[in-house]
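Participant: Following this message is one structure expressed as structure tokens.
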Amino acid sequence: MHNYDRKNLYIDGKWVSPTGAGVIDVIDPATEQVIGSVPSSAPEDVDAAVAAARRAFDPLVTVAERRDRLAKIIEAMEKALPDITETIGREMGAPLRIAQTAHTQLALTAARGILSTLDNYQFEERVGNSLLVREPYGVVGAITPWNYPLYQVVVKVLPAIAAGCTVVLKPANEAPLSLFELVDAIHEAGLPPGVLNLVSGPGAVIGEQIAGHPEVDLVSFTGSTTVGARVAAIAAQTVKKVTLELGGKSANVILDDADLTAAVKVGVGNCFLNGGQTCVAWTRMLVPRSRYDDALELIRGTVTRYSVGDPFDPATRIGPVASERQMETVRGFIDRAERDGARLIAGGADKIGDVGFYVAPTVFADVDPDSELGQEEVFGPVLAVIPYEDEQDALRIANGTRYGLSGAVWSGDVDRATTFARRVQTGQLDINGGRHNPLAPFGGYKQSGVGRELGRAGLEEYLQLKSLQLPE
Ligand code: NAP
């Protein structure tokens, strides 16, 4: 049984009444109906959560105890996963199959990877006469987006706890209910009080309070580049560490000797995954002029297989976008791309149906790499196809945005693709469809972010180094 009528915040190991009287409604984007609500925290609630996290923080907490905390969270996740999957389908419109795979299973795989990283990590090492000790950073403020609500929380909260930190979590307003269900399960599993605290509310108020709070030692933020820059500026006033996972405009570079059918099929699927609301989406497809017409033909055929509809219909591959605001943003981008002279070859800005925030999977050809659609993150199911002349031109276009989060290279020759990939300014690249690796660090170059999540590098973000010079 879901509890979508949330009256309490999770502070110091208990569900407690908020000081603030405000409420945030959660809307199902497929039906446009309010399905539940969460409290809107007041500044006093954030202070209480931070104080609880501070009391719970013990820099000498053993690795065995941290491991036990992680194992409890993973067990809780496993139990709660079916409920959370359904809730993600309802609160942000992810089709059930995508909610099961790309949302909850991926989050569980990431969680298990974080536990294995902890098990294999050496927290101390000798360098000459020094003992280097890696200690937990302290109280972590975690601010997360709505697009993969569970996953984004797991890849912050679990490494933080593995490092020995304590956490105050503020999830996004559009999709908070799945996280209340997660915290219910974690509460039952019996984490020590104050290790994890959950406060919901407007980012512009309580997100900023967390970023500027003198008792928060590190802010880990995932969201838009604009808000990330603001969070970093606020955090700088108390000289705290900040990690940022931000936006992207990733390039899928198809070299002239690539398997075009595979590159197009996987590329279109990647761009439209989760209705295009994926930070790592390959939203620019770079195609050699010599194979351009064939690629467009393949794209047209592939797009027809992306059926749009009810997230709970098993045939659906694209659900609604997460909110009315997001739908209007995406439609605005489509309108302006047409005005900028891009050629619409699939979809368009028209709203689909009378109810629900649906946008058709949309493809533009002949996109000018310097136009708005060639440069800016849409965060909806919109693919920009860009022709290029030669490899140098492809590299210039791939690197020609302010972002650098992800991408792909396809070639008949893996060495050629790898050589190209080394020159792309981005934190991750998949070569010929190389699959996701939960142990590989993830993060952005340029304005896509600062710092890494997952793997050893993801754990080390939450650790600081102390050098002890020993007598010889
Ligand atoms: P967003 O508007 O930047 O919001 C992200 C989070 O920040 C939300 O919890 C939001 O709270 C909060 N927030 C808003 N204004 C704030 C402020 N002034 N100070 C502190 N916190 C504030 O992003 P979004 O629309 O939720 O998510 C989409 C963006 O996230 C895209 O740009 C996407 O690329 C990026 N993203 C990046 C990654 C990555 O790993 N690099 C992963 C996923 C998403 P409210 O709910 O109140 O607005």
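The values are calculated or read from the model by the stated rules, or taken from the named source; none is laboratory data. What you are looking at is a predicted structure, and each value in this text was computed from that prediction instead of being measured. With ideal geometry, Cβ positions are generated from the backbone for all residues, glycine too; neighbour counts draw on all protein chains shown. With ligands, DNA and RNA removed, areas are computed over all heavy atoms of the protein, side chains included. Shrake-Rupley method; radii C 1.70, N 1.55, O 1.52, S 1.80 Å.
Participant: On average, how much accessible surface per residue is there in region 25-66, in Å², for a 1.4 Å probe, leaving out ligands, DNA and RNA?
Facilitator: 44
Participant: Would you mind counting up the charge near residue 84? Only other residues with Cβ under 12 Å from its Cβ, with Lys and Arg at +1 and Asp and Glu at -1.
Facilitator: Neighbourhood net charge equals -4.
Participant: Here's a follow-up. Against the longest alpha carbon principal axis of the chain, how many degrees, from 0 to 90 and to the nearest 10, is the axis of helix 149-163 turned?
Facilitator: 40
Participant: Sticking with this one: What percent does the relative contact order of region 414-472 come to when contacts are Cα pairs within less than 8 Å and at least six residues apart?
Facilitator: 22
Participant: With an 8 Å cut-off on Cα pairs and a minimum separation of 6 or more residues, tell me the relative contact order of region 59-139 in percent.
Facilitator: About 31 percent, as a whole number.
Participant: How would you rank 141-150, 60-69, highest first, on the average number of other Cβ atoms within 10 Å across their residues?
Facilitator: Most protected by this proxy first, the peptides run 141-150, 60-69.
Participant: Within region 45-181, what whole-number % of the accessible surface is contributed by carbon and sulfur, with the 1.4 Å probe and all protein chains included in the calculation?
Facilitator: 51
Participant: Helix 324-339 versus the longest principal axis of the chain: what is the Cα-based angle in degrees, 0 to 90, to the nearest 10?
Facilitator: Once rounded, one gets 30 degrees.
Participant: With no solvent and one equal point scatterer per Cα, compute the Debye intensity ratio I(q)/I(0) for region 1-149 at 0.13, 0.14 Å⁻¹ and report its log10, rounded to two decimals.
Facilitator: Log10 of I(q)/I(0), two decimals: -0.82, -0.93.
Participant: Calculate, for region 251-437, the solvent-accessible area per residue in square angstrom, rolling a 1.4 angstrom probe over the heavy atoms of the protein chains.
Facilitator: 41
Participant: I'd like the Karplus ³J(HN,Hα) series for region 371-382: coefficients 6.51, -1.76, 1.60, θ = phi - 60°, whole numbers in Hz, and an x wherever there's a Gly or Pro.
Facilitator: Result, rounded to whole Hz: 6, 4, 5, x, 10, 9, 6, 8, 6, x, x, 10.
Participant: What angle, in degrees between 0 and 90 and rounded to the nearest 10, separates the Cα long axis of helix 63-92 from the longest principal axis of the Cα atoms of the chain?
Facilitator: Around 40 degrees separate the two axes.
Participant: To make sure I understand the rule: partners must be lysines, Cα under 22 Å from the Cα of residue 265, and not fewer than 8 residues away in the same chain. Which ones qualify?
Facilitator: In chain and number order, the partners are 249.
Participant: For region 358-430, which trypsin sites (Lys or Arg not before Pro) are in a loop by DSSP, counting at most 16 other Cβ atoms within 10 Å?
Facilitator: 402, 423
Participant: While we're here: Carbon-plus-sulfur fraction of the accessible area of region 251-437, 1.4 Å probe, in percent?
Facilitator: 46
Participant: To continue, here is another question. Points 7 angstrom from Cα along the Cβ direction at residue 457 and residue 15: gap in nanometres?
Facilitator: 4.0
Participant: Classify the chain: rounded, prolate or oblate, from the alpha-carbon gyration tensor (a ≥ b ≥ c, eigenvalue square roots; a/c under 1.5 rounded; otherwise prolate if a/b is larger than b/c)?
Facilitator: Oblate, since a/c reaches 1.5 and b/c is not below a/b.
Participant: Report, in deg cm²/dmol and to the nearest 500, the calculated mean residue ellipticity at 222 nm for the chain, where each DSSP H run with n ≥ 4 adds -39500 (n - 2.57) and the sum is divided by the residue count.
Facilitator: -11500 deg cm²/dmol
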